[in-house]
Amino acid sequence: MNWQRYIIAFVITGAIFATAFYIANRLDAARVADIQSTQTAISIDILSTETQFELLGSLDCEAISQGQTLSSELSDLASRLSVAEQNLGINNTQVVSLKKQYSLLEIKDYLLMRQISARCRNFQPVYVLYFYSNSGDCPQCTQEGEVLTYLRTTYPDLRVYAFDYNLDLPALKTLIALRRVDDTLPAIVVQNRAVVYGLKDLSAMQKLIPELKTLATTTPEVH
Amino acid sequence: MYIGTLILYACLFLTLYFEVFLLLSFLERRPGVKNARAPRHYPSVAMIVPCYNEERTVAGTIESLLALEYPAEKLSILVVNDGSSDTTGAIARGYAARDPRIVYIEKENGGKYTALNVGIAHTQADIVGCLDADSFVAPDALLEAVKVFEDPTVMAITPAMKVSKPHSMLEVMQAVEYTFGIFLKKMFDNLAAINVLPGPFSLYRREVFERIGPFRHAYNTEDMEIAFRMHRHGLKIANAHTAIVYTTVPCTIPSLLRQRTRWSRGFLENSRDYYYMYFNPRYGHFGVLVLPVALVAFFAGLYSAGFMLYKAVGYVATRVTDALATGIPPHLPAAHLDWYYLNTGMLTFLIITVLSMTLVAILLGSRIAATRLTLKSFFAYFAFFGLLAPLWLARALFGAVLATQRVWR
């Protein structure tokens, strides 16, 4: 019996496992870096719009509203963050940190958008604040997320701001308190209206957001 | 990490370990290439052809034996009709009347092992070979096999088995599987751990039967049992990878399932009878590596298939439930071309590695026996084998546990 071959095969197999583990981790790290870089770009965009807004006031609403492309960038960031959550886990410290930064960017974009829309009549976006939990206490949140993702894909100008209700972030807690959102999730705020709770399917959401009819869709119009 | 996923990782580790072990074995001792050297001597050879209702193929089998490049006076062919109810007997009798090398023996139906034993009792040849009546030997197969018997310690020989004229998806899938088998057999030969002496063209020194007795019923897997018994008695089995035999394979899924269920169940039941060989260094790599890995692979195959099925059913059920709850019309999920969205988890890399090493083993098998495989056959193997194998594994386990009646075909 040549036991040496058994040991060598074991070492090689272990090395293959270690390599697979290393590559998978490196790619996850690259994903985190990718999200950080996108977040940096978005925060610069927000800062730029804020500065532009302060410089011009309401004098040039056309120029300001044309620069509002952040919604799609935030949406892309959300789907990237979702992949990172799946790979690294929802309790991973890097994921939680990225999520906090993402939520802050959302809040900043939301506030800026509201400021601009108050002064510029040609910029009246349709927006939804969506509060969810992925801690296992909201079985319907995944389904509500799918409804909103579908709406967001169908109506690219619909601005959906999704927030993890349980995220330990003072700014988010303040937003939750201001909008009087309790922990009966999923919770949805459309425009400036009252909070609605529970799963709302596609047709219910379309009724909740009558403004959708004014938005362009990605599907061709039927004449 | 869930316990289910952890077990899957353990299965992958074992599979990789086994593949690495075999590839190391290949690197240590590469199979030699075929050469034109004639055998140093020509022992007398008796080829036994057990037949039961083989009227479609028996003529081809006998013709292939008659075409063997071997001295006529040293070769005899014993066609044993195991109580066929079709025209097998008439066909074989016709050949026996025309060629003195052929002896026709008729007996009541008693199973393949009884036909082989009757054939063994009718010959005094130095080498006794078996050839299923649905298989065909290459003209130089016996010459190549006899050269391996020049090593006096070799007591039995297995050939390189190829699929005869594969056409359908199921047949080409098996052609790849048999090519993988050629690699496995050669590596098991390197390890002195060949686990089966298949019906198509296995050859034995006559003294094997004198020392360890004749074939046994062995749950309709007499070819496996005799290999176990030979290891038990320390008799060496070698692989003659240049001795090529072509065999007919099942061409329908039910017949394939029946055949493989018989093989798999035979393995389980013979393992039970020879349990003491497991992890026993006295039986070399056969006891320490081949038997335990084969048994674990049996259950790992079932577990992995069950795990994948559970995940797939869970996914479909969730999608259907979500679609009903959300009212979202059916649509394709968003396609992301960005690398970011690729599944690059550890499991993905390990599965790719296992499949790649399997592919390497198949290609080496193809090179060892000069087999040509098409893209279609690779597609059939990688797409369907993993779906079909769990079916016969489950049936075999079910049959072995409940001791249901065994079916030959």
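The values are calculated or read from the model by the stated rules, or taken from the named source; none is laboratory data. Source: prediction; values computed, not measured. Virtual Cβ from ideal backbone geometry, glycine too; neighbours counted across all protein chains shown. Note: areas computed on protein heavy atoms with side chains; ligands, DNA, RNA excluded. Shrake-Rupley method; radii C 1.70, N 1.55, O 1.52, S 1.80 Å.
Solvent-accessible area per residue for the protein assembly as shown at a 1.4 Å probe radius, Å²?
Normalised by residue count, the accessible surface of the protein assembly as shown is 48 Å².
What number do you get for the stretch B:98-220 when its Cα radius of gyration is normalised by 2.2 N^0.38 Å, N = residues?
Working: Rg = 15.7 Å, N = 123, 2.2 N^0.38 = 13.7 Å.
Scaled against compact globular proteins, the figure is 1.15.
With θ set to phi - 60° and the Karplus curve 6.51 cos²θ - 1.76 cosθ + 1.60, what are the ³J(HN,Hα) couplings of the stretch B:101-106 in order, to the nearest whole Hz, using x for Gly and Pro?
Each residue's phi maps through the Karplus curve to give 6, 9, 10, 9, 10, 10 Hz.
Set the bar at 20 Å for Cα to Cα. Now go through A:Lys108/A:Lys173; B:Lys112/B:Lys165; B:Lys185/B:Lys236; B:Lys34/B:Lys186; B:Lys34/B:Lys162 and name every pair that lies beyond it. All intermediate terms of the calculation are to be shown ahead of the outcome.
Numbers: A:Lys108/A:Lys173 14 Å; B:Lys112/B:Lys165 25 Å; B:Lys185/B:Lys236 14 Å; B:Lys34/B:Lys186 14 Å; B:Lys34/B:Lys162 17 Å.
Beyond 20 Å: B:Lys112/B:Lys165.
Near the amide H of B:Leu78, under 5 Å away, which other amide H atoms are found, from residues 5 or more places off or on another chain, if H is placed in the peptide plane?
Under 5 Å from the amide H of B:Leu78: B:Met47, B:Ile48, B:Val49, B:Val103.
So in the protein assembly as shown, what percent of DSSP beta bridges are antiparallel if you round to the nearest 5?
On the way: 15 of 47 bridges.
Approximately 30 percent, going by the DSSP bridge assignments.
For the protein assembly as shown, with all protein chains present and a 1.4 Å probe, just round the carbon and sulfur fraction of the accessible area to a whole percent. Mind dumping the intermediate values first?
Details: 18310 of 30170 Å².
Ligands and nucleic acids excluded, carbon and sulfur reach 61 percent.
Show B:Trp263, A:Trp3 ordered by accessible area, largest first, where the area counts protein heavy atoms only and the probe is 1.4 Å. Don't skip to the answer; put the middle values down first.
Details: B:Trp263 85, A:Trp3 125 Å².
Correct descending sequence by accessible area is A:Trp3, B:Trp263.
From other protein chains only, count the Cβ atoms within 10 Å of every residue's Cβ in A:143-153, then give the mean.
Mean partner-chain Cβ count within 10 Å for A:143-153: 3.
For a protection proxy built on the mean count of beta-carbon atoms within 10 angstrom, sort B:232-245, A:172-185 highest first, please.
Sorting B:232-245, A:172-185 by mean packing, highest first, produces B:232-245, A:172-185.
Quick check of the Kirkwood formula: for the stretch B:232-288, what is the inverse mean of 1/r over all pairs of different Cα atoms, in Å?
Working: mean 1/r = 0.0702 Å⁻¹.
With all distinct Cα pairs of the stretch B:232-288 included, I get 14.2 Å.
Compute the label zone of A:Gln86 within the stretch B:347-391: residues whose backbone N is under 16 Å from the point 7 Å along Cα-to-Cβ.
B:347-349, by backbone N distance to the label point.
On average, how much area does the Cα convex hull of the stretch A:74-120 cover when viewed from any direction, in nm²?
3.2 nm²
Pop the C-beta distance of B:Phe382 and A:Ala41 into the FRET formula with R0 = 25 Å and round what comes out to the nearest 0.05.
Between B:Phe382 and A:Ala41 the formula returns 0.05.
How many nm separate the modelled label positions at B:Ala370 and B:Phe307, each set 7 Å beyond the Cα in the direction of the Cβ?
The two pseudo-label positions are separated by 4.2 nm.
Put +1 on the Cβ of every Lys and Arg and -1 on every Asp and Glu Cβ in the stretch B:256-397; which of B:Ala325, B:Trp339, B:Leu309 then has its Cα farthest towards the positive end of the dipole?
Looking along the dipole axis, the top candidate is B:Leu309.
Magnitude of the Cβ-charge dipole of the protein assembly as shown, K/R +1 and D/E -1, about the Cα centre, nearest 20 debye? Let's see the in-between values first.
Details: 57 positive and 54 negative charges, 276 e Å.
Computed about the Cα centre, the dipole is about 1320 debye.
Return the whole-Å distance between the Cα centroid of the stretch B:329-366 and the Cα centroid of the stretch A:129-168.
Taking the Cα centre of the stretch A:129-168 as reference, the centre of the stretch B:329-366 is 30 Å away.
Kindly give Rg over Rh for the protein assembly as shown, based on alpha-carbon atoms, with the Kirkwood expression for the hydrodynamic radius.
With Rg and the Kirkwood Rh in hand, the quotient comes to 1.17.
Taking the full set of protein chains and a 1.4 angstrom probe, give the accessible area of A:Asp201 in square angstrom, rounded to the nearest 10.
Its accessible surface works out to 50 Å², give or take rounding.
How large, in Å, is the stretch B:43-251 by the Kirkwood hydrodynamic radius built from its alpha-carbon pairs? List each step's numbers first, then the result.
On the way: mean 1/r = 0.0589 Å⁻¹.
Kirkwood hydrodynamic radius for the stretch B:43-251: 17.0 Å.
In degrees between 0 and 90, to the nearest 10, how far off the longest principal axis of chain A does helix A:93-119 point, with axes built from Cα atoms?
On a 0 to 90 degree scale, this one is about 10.
The stretch A:105-188: Rg/Rh from Cα coordinates, Kirkwood Rh?
0.99
What total accessible area, in Å², is buried where chains A and B meet, using a 1.4 Å probe and rounding to the nearest 100?
3200 Å²
Please list, in order along the stretch A:75-86, the HN-Hα scalar couplings obtained from phi with the Karplus expression 6.51 cos²θ - 1.76 cosθ + 1.60 (θ = phi - 60°), rounded to whole Hz, x for Gly and Pro.
Values, residue by residue: 5, 5, 4, 4, 5, 5, 5, 5, 5, 4, 4, 5 Hz.
Would you list, by chain and number, the lysines whose Cα falls below 24 Å from the Cα of A:Lys213, excluding same-chain residues fewer than 8 positions away?
A:Lys213 reaches A:Lys200.
Please compute, for peptide A:16-24, the average count of beta-carbon atoms on other protein chains lying within 10 Å of each residue's beta-carbon. Intermediate results must be reported in sequence, preceding the final value.
Details: counts 11, 9, 0, 4, 11, 4, 2, 5, 8.
Neighbouring Cβ atoms belonging to other protein chains average 6 per residue here.
Please report the antiparallel percentage of DSSP beta bridges with both residues in chain A, rounded to the nearest 5.
The antiparallel proportion sits near 45 percent.
Need one number: nm distance between label points at B:Arg216 and A:Arg180, each 7 Å from Cα along Cα→Cβ, rounded to one decimal.
Computed distance between label sites B:Arg216 and A:Arg180 equals 8.4 nm.
As I understand it, the dipole of the protein assembly as shown uses +1 on the Cβ of Lys and Arg and -1 on the Cβ of Asp and Glu, about the Cα centre. Which of A:Asn25, B:Met230, B:Asn220 lies farthest toward its positive end?
B:Met230
What average number of partner chain Cβ atoms lie no more than 10 Å from the Cβ of the residues making up B:343-352?
Mean partner shielding for this stretch: 5.
For B:Ala394 and B:Leu342, compute 0.36 nm times the residue count separating them, minus their Cα-Cα distance, and round to one decimal in nm.
Roughly 15.4 nm would be gained on extension.
Please give the FRET efficiency for A:Leu215 paired with B:Tyr315, using the beta carbon to beta carbon distance and R0 = 35 Å, rounded to the nearest 0.05.
Given R0 = 35 Å and the Cβ-Cβ separation, E is 0.65.
Provide the percentage of antiparallel DSSP beta bridges, counting only those with both residues in the stretch A:125-223; round to the nearest 5. All intermediate terms of the calculation are to be shown ahead of the outcome.
Values: 6 of 13 bridges.
If we restrict to bridges inside the stretch A:125-223, about 45 percent are antiparallel.
What are the principal axis extents of the Cα atoms in chain B, in Å, biggest first?
Over chain B, Cα extents along the principal axes are 80, 47, 40 Å.
Quick check: residue separation of B:Leu27 and B:Asn280 times 0.36 nm, minus the Cα distance between them. What number comes out in nm?
Values: separation 253, 0.36 × 253 = 91.08 nm, distance 2.57 nm.
88.5 nm is the gain from fully extending B:Leu27 to B:Asn280.
Give the distance, in whole Å, between the Cα centre of the stretch B:74-117 and the Cα centre of the stretch B:293-319.
Value for the Cα centre distance between the two parts: 45 Å.
Treating the angle as unsigned and between 0 and 90°, give the value, to the nearest 10°, between the Cα long axis of helix A:3-56 and the longest Cα principal axis of chain A.
With both axes taken from Cα atoms, the answer is about 20 degrees.
Taking 0.36 nm per residue of separation and subtracting the Cα-Cα distance, what length does fully extending B:Met169 through B:Leu402 add?
Numbers: separation 233, 0.36 × 233 = 83.88 nm, distance 3.27 nm.
Computed gain between B:Met169 and B:Leu402 is 80.6 nm.
Only helical DSSP H runs with n ≥ 4 go in: add -39500 (n - 2.57) per run for the protein assembly as shown, normalise by residue count and round the 222 nm mean residue ellipticity to 500 deg cm²/dmol.
Value at 222 nm, helices only: -18000 deg cm²/dmol.
Under a straight-distance cross-link criterion of Cα-Cα below 15 Å, which aspartates and glutamates are reachable from A:Lys100, leaving out those fewer than 8 residues away in the same chain?
By straight Cα distance, A:Lys100 reaches A:Glu85, A:Asp109, A:Asp164, A:Asp168.
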